[in-house]
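The values are calculated or read from the model by the stated rules, or taken from the named source; none is laboratory data. Keep in mind that this is a model prediction, so the values were computed, not measured. With ideal geometry, Cβ positions are generated from the backbone for all residues, glycine too; neighbour counts draw on all protein chains shown.
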Amino acid sequence: MSLKDLLRHSPKLLVGTCIFTFFVLFAIFGSTLFNVDPTKPEFGSLETPSFDHPLGTDILGRDLFAQLIHGTGYSLKIGIVAALITIAIGVGVGGIGGYFGGIVDEILNLASNVVLTIPTIAFLIVIAAYFRVRSEWIIILLISSTSWGGMARSIRSQVLSLKTREFVDLAKLSGISRVRILFFEVLPNMLSYLVMYLALSVAGAIGSEAGLSAIGLGPTAIVSLGMLLRWVIVWEAVRYGAWWWFFPVGLTITLITLSLLLINDGLDQVYNPRARRG
Amino acid sequence: MTAKTPSFPHFFRRKIIVYVVTFYLALTLIWIIPHMMPGDPVREKALKIIAAGSKGGTVPGSGLTEVQVKRLYEYWVKKFGLDQPLEVQYLIFLKNCFTLDLGVSIRFHPSQVNDLLFRSLPWSLGLLTPAIIVGWILGNYMGALAAYKRSIFDKVLYPLFLFMSQMPYYWFALILVYSLSFHVRIFPAAGAYTQTLTPSLSITFLLDLLNHYFLPFVSVMIPYIGGEAIGMRSLILYEINSDYANYFESLGFRDRKLLSYTFRNAVLPQVTGLPIYFASAFGGQLVTEVVFGYPGIGGTLYAAVIGQDYPLIQGGFLMIVIVTLLGNFVMDLFYAYIDPRIRVAYRGEK
């Protein structure tokens, strides 16, 4: 199926891809086209949106449009990297457990269930609270190390059903190693599923970062979307009636995660005939 | 295909192992992390207070006098055995956790962590329980409606549900405060009741309480409606397209009958998901309470984070872990007794 067919099959996929691509381009080219430092307080305080400042300024006189560009970039970066690590751990743990079985599976399955049960946000708070300086890499590692449980469990159950298929028996007869069979014969069958899960994971990671940052436990040195919401809360933007300060940030987070959800849903329609009528 | 249906005791034994391990790891983690950090923040904090206190006067920001600081430090050394070897400290910590005795808060000295948490617990439960129950009913109703009616109705509702479920809930809270408290002054912006009133069962106080309750209630409920509606919608769509529904339709039964059958099947996962959502909201609604200045667990934990009040952070964490495990356990009971299909599926065996 070509990309064109894919998009034609599902309007959801089309809309989701468009919105997501828009924000990616916005983050990449935004700072070239609109070259203003998001952290320098060099303008008037609480200016309403104008031609010079498309989204106005905050209470310190920083340009909010520049903040949004940089915030979107960092949030996307954190979301995508964290999601990739989450999937790597999930595939490793779920795949190995499901394929090899036995005591290895018992232990790995227990680990996934534990990660799944632990209240993620509370867990993140406790750990993040002890780091005085938090780079974006610490946040990425924290998010991905607490969110792979569900992924590992579904990969495991898929591997359990796939490994009884004939092509696996054939591969065994041809004498390639078990690790090779798992990663080169079994796992490629789940590629569509992995792409769908990637979309969900990126959305989840962006949300987690925003939530952590909003309570003051996000990355300390960068401007992410969550950090922008943090400033909104700390400086009480609402009490100044500065709608241009808090409205666009939340809308951006919502639209990015929403577009990823649409992509996930759309792919499900394309790959899964039962969901097509949805 | 290994058709190995797990028996009830077996199923629960596995689950209970997961809970025990989770609880134990969670406890160990909140003990280990401060010890792994360069210069043990727990001890460092206490020493910093001492150092500041010994220079005379009060400690900046903590509002403690020198005598109080000394007493606090001695209390701490005794409570967590800071002068003992590590393994003894660990055991003391575990013992304190199991007896739910978490010591004294730094920020709200001399209040006990326990007292602070149990004082804020009713506010959180009072806010979340009604909001989630109402949101659950409305969300499932609207989701089912969108799935049955389809056409233009669904085309409008579905994106709306998506938006509702994906927006950061604290951002929605900010919008509520801006529009209904700042722009149009209908509801108070913060607090659980007017500070000048003394809590009592009088009509004035109850009305005041409700007036303060409305915005936080809505801000918890609306995002939940979105999430539940999306779940219900896709579950109903799945049921409508299933073989039994097609067969039923071809037999020429009335739509109403089919509606009630599909609904009953679709609502099962929604019921079982309820306790787990409650548990995650309990830990997740932190910022809502901060935005509204609501005196619940979230607000208390936030104050603890800001003030680097580690005993209080640990206490709040412990409480959220316990609520989450309870939520999971209730969900398991649902799983096991309502829907045996899910019980088998849970083990990942087909």
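Only one of the numbered conditions (1) away from chain A (no Cβ under 11 Å); (2) surrounded by fewer than 21 Cβ atoms within 10 Å (Cβ to Cβ); (3) assigned to a helix (DSSP H, G or I) is violated by B:Thr300, and that is (2).
Within segment B:251-259, identify whether any single residue is part of a helix (DSSP H, G or I) and either small (Gly, Ala, Ser) or within 28 Å of the chain's Cα centre (by Cα) (or both), and answer yes or no. No, segment B:251-259 contains no residue that is part of a helix (DSSP H, G or I) and either small (Gly, Ala, Ser) or within 28 Å of the chain's Cα centre (by Cα) (or both). Residues that are polar (S, T, N, Q), in a loop (DSSP other than H, G, I, E, B) and buried (at least 21 other Cβ atoms within 10 Å of the Cβ): does segment A:209-227 have at least one? Yes - at least one qualifying residue is present in segment A:209-227.
With respect to A:Ser208, is the statement that it is of a type in the set (Ser, Thr, Tyr) and more than 28 Å from A:Arg156 (Cβ to Cβ) true? Walk me through how you get there before you give the answer.
Working: of a type in the set (Ser, Thr, Tyr): yes; more than 28 Å from A:Arg156 (Cβ to Cβ): no.
No: the conditions fail for A:Ser208.
Here is a yes/no grid of residues against (1) closer than 27 Å to B:Leu318 by Cα; (2) out of contact with any strand residue (DSSP E or B) (no Cβ under 9 Å at 6 or more places or on another chain); (3) away from chain B (no Cβ under 13 Å):
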site: A:Leu162; (1), (2), (3): no, yes, no
site: A:Val168; (1), (2), (3): no, yes, yes
site: A:Ile206; (1), (2), (3): yes, yes, no
site: A:Leu225; (1), (2), (3): no, yes, no
site: A:Glu236; (1), (2), (3): no, yes, no
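For segment B:155-192, give me each residue that is farther than 22 Å from B:Ile132 by Cβ and without any contact (Cβ under 8 Å) to a residue 24 or more places away in the chain. Matches in segment B:155-192: B:Lys155, B:Val156, B:Pro159, B:Tyr178, B:Ser179, B:Phe182, B:His183, B:Val184, B:Arg185, B:Ile186.
Checked against the criteria, A:Thr57 does not count as under 20 Å from the mean Cα position of the chain (by Cα) and among the polar types (S, T, N, Q). Does A:Ala122 count as assigned to a helix (DSSP H, G or I), over 18 Å from the mean Cα position of the chain (by Cα) and within 14 Å of A:Ser208 (Cα to Cα)? Yes; evaluated as a whole, the condition is true for this residue. Counting the residues of segment A:154-193 that are at pLDDT 90 or above and among the charged types (D, E, K, R) gives 1.
Of the candidates B:Phe214, B:Phe205, the single residue that is in a helix (DSSP H, G or I), at negative phi, touching a helix residue (DSSP H, G or I) at 6+ places or on another chain (Cβ under 9 Å) and surrounded by fewer than 19 Cβ atoms within 10 Å (Cβ to Cβ) is B:Phe214. Scanning segment B:164-202 for residues that are under 22 Å from the mean Cα position of the chain (by Cα), within 9 Å of chain A (Cβ to nearest Cβ), farther than 14 Å from B:Phe292 by Cβ and not in a loop (DSSP other than H, G, I, E, B) returns B:Ser165, B:Gln166. Note on segment A:125-141: residues that are touching a residue at least 40 places away in the same chain (Cβ under 8 Å), assigned to a helix (DSSP H, G or I) and either of a type in the set (A, V, I, L, M, F, W, C) or touching a Phe, Trp or Tyr at 6+ places or on another chain (Cβ under 6 Å) (or both) total 7.
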